[in-house]
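Below: the structure, in structure tokens.
The values are calculated or read from the model by the stated rules, or taken from the named source; none is laboratory data. This is a predicted model, so every value here is computed, not measured. Glycine gets a Cβ as well: all are built from the backbone with ideal geometry, and neighbour counts include every protein chain shown. SASA here: full protein model, heavy atoms, side chains in, ligands and nucleic acids out. Shrake-Rupley method; radii C 1.70, N 1.55, O 1.52, S 1.80 Å.
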Amino acid sequence: MKRLKENKVYIFDTTLRDGEQCPGAALKNHEKLQIAHKLAALNVDIIEAGFPFSSPGDFESVKQIASEVKGPTICGLSRATPQDIEATWDAVKYAEKPRIHTFIGTSDIHIQAKFKKTREEILNIARDMVTLAASKCPDVEFSAEDAGRTDPFYLYKVIEAVIDAGATTINIPDTVGYTIPDEFGRLIHGIMTNVPNVDKAIISIHCHNDLGLATANSIAGIQNGARQVECTINGIGERAGNAAMEEVVMALKVRPEYFDGLYTDIDTVHFAETSRLVSELTGMPIQYNKAIIGRNAFAHESGIHQDGFLKGRSTYEIMLPEWIGLSESYLPLGPRSGRAAVKSRLEKLGLAVSDEQMSQLFEAFKCLADEKKRVEDDDLKALYEQAFARA
Ligand code: KIV
Ligand code: ZN
């Protein structure tokens, strides 16, 4: 099987599983359903809806999403045990397109510290559990947990065995966000060139952000042959989070010359709204300077930038706010703002001023901005009134 569409990068959203696992982000089932519908509107290819064996509530949630959300493949996570796999199948089997995702740690650190087993034993478990999952579901994903710290030669053997056992997607997680882009790219390249049956599966990547490199590592993975990216909205996830979907998708969209015809099917105009919804429901605020969807991502405050932007937006913007569903860029007025932005805002408010009037008003504006830090429309109207309207 596989390589469904040669140039497509499949987007696997794990906001409801890895994302929801992060401290303080727990969601109620009706909230998960609401997010899942939004993810379907965004046109993600796969929704990892939860971890059915982990709790009765999560089981019900995955089952409900599988039954009600149409379009994407609905996936559930399971450890490499028969009980987990049974529970996952019982929850996802209601989907139009169900997937079982099973995983086991393959690094020596995990094999020895967590499982107290040998490499051979882990390989056998992986093969047997994928065989079991494939006997239930035609779509099986296998993750080699901590692949980023796994001996590549052992990893190739595990991947070959699980593909033979019926895995259709092989996920390569950088579980602890330890790798560097060049290193992670080489790992994916090594898999593409050393695993004899690799053409029978899609290679997926799942990068954590402990060193702030999750997006960069995902990009390196794509450039080296991965065709599924696991990511979350707003980059939420265990510890420092997962690769942010909006960052990976917009990188492909804004810099296609680096991706040789690769594309995603994401309808990016839903990003702003989906991001807001996830932030509200999880109670996790978005940092102001977060790439793509942060409050400042399309805001320009310094006079030099505002002036440049007003002369030609491409001076300081590499994408349009409309692409992610925002109506416009924003020029906040503060102590570092320049005349051009103040004049432009006055014009928007229907208050045209001559150059001479502008000089007079701008002095008053600067004094107020130093005092208040942010000058709002009402402040500007009041300044105008004081300066001219009563004259
Ligand atoms: O980070 C990780 O390794 C995971 C796996 C379960 C895919 O989340
Ligand atoms: Zn993870």
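Filter the stretch 237-250 down to the residues that are open to solvent by less than 30 Å² (accessible area, probe 1.4 Å) and over 21 Å from residue 73 (Cα atoms), then identify the one that is farthest from ligand 2 (Cβ to nearest atom).
Taking the stretch 237-250 first, the residues open to solvent by less than 30 Å² (accessible area, probe 1.4 Å) are 237, 241-246, 248-250.
If we keep only those that are over 21 Å from residue 73 (Cα atoms) too, we end up with 241, 250.
Numbers: 241: 9, 250: 21 Å.
The qualifying residue farthest from ligand 2 (Cβ to nearest atom) is 250.
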Members of the stretch 262-298 found to be under 17 Å from residue 329 (Cβ atoms), more than 13 Å from the chain's Cα centre (by Cα) and buried (at least 17 other Cβ atoms within 10 Å of the Cβ), listed by number: 297, 298
Pair list, Cβ < 7 Å and 6+ apart or interchain, from the stretch 26-46 residues that are touching a residue at least 12 places away in the same chain (Cβ under 8 Å) to residues that are hydroxyl-bearing (Ser, Thr, Tyr) and outside any helix (DSSP H, G or I): 45/10; 45/73; 46/10; 46/73
Any pair with Cβ under 9 angstrom, 6 or more apart, that starts in the stretch 309-325 at a residue that is assigned by TED's automatic domain parsing to the domain that holds residue 253 and ends at one that is surrounded by 16 or more Cβ atoms within 10 Å (Cβ to Cβ): none
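Name the residues in the stretch 1-34 that are within 16 Å of ligand 2 (Cβ to nearest atom) and modelled with pLDDT under 95, would you?
Kept after step one, since they are within 16 Å of ligand 2 (Cβ to nearest atom), are these residues of the stretch 1-34: 11-23, 25.
Hits for the stretch 1-34 are 21, 22, 23, 25.
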Residues of the stretch 7-42 classified as away from ligand 1 (no atom under 15 Å from the Cβ), under 15 Å from residue 66 (Cα atoms) and among the aliphatic types (A, V, I, L, M), total: 5
Filtered residue count, the stretch 195-218, keeping only those that are in a helix (DSSP H, G or I), within 17 Å of residue 155 (Cβ to Cβ) and within 16 Å of ligand 2 (Cβ to nearest atom): 1
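Show me the strands (runs of 3 or more DSSP E) found entirely inside the stretch 36-134 where at least 1 residues are within 16 Å of ligand 2 (Cβ to nearest atom) and open to solvent by 10 Å² or more (accessible area, probe 1.4 Å).
Details: elements: 46-50, 73-79, 98-105.
Ranges flagged: 73-79, 98-105.
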Listing of helices (runs of 4 or more DSSP H) fully contained in the stretch 320-391 that carry 2 or more residues being under 36 Å from the mean Cα position of the chain (by Cα), within 19 Å of residue 310 (Cβ to Cβ) and not basic (Lys, Arg): 339-348
Residue count, the stretch 230-265 (criterion: of a type in the set (Lys, Arg), away from ligand 1 (no atom under 16 Å from the Cβ) and in a loop (DSSP other than H, G, I, E, B)): 1
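Let's see how each residue does on (1) modelled with pLDDT under 95; (2) among the acidic types (Asp, Glu); (3) crowded, with 16+ Cβ neighbours inside 10 Å:
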| site | (1), (2), (3) |
| --- | --- |
| 342 | no, no, yes |
| 354 | yes, no, no |
| 369 | no, no, yes |
| 376 | no, yes, no |
| 379 | no, yes, no |
| 389 | yes, no, no |
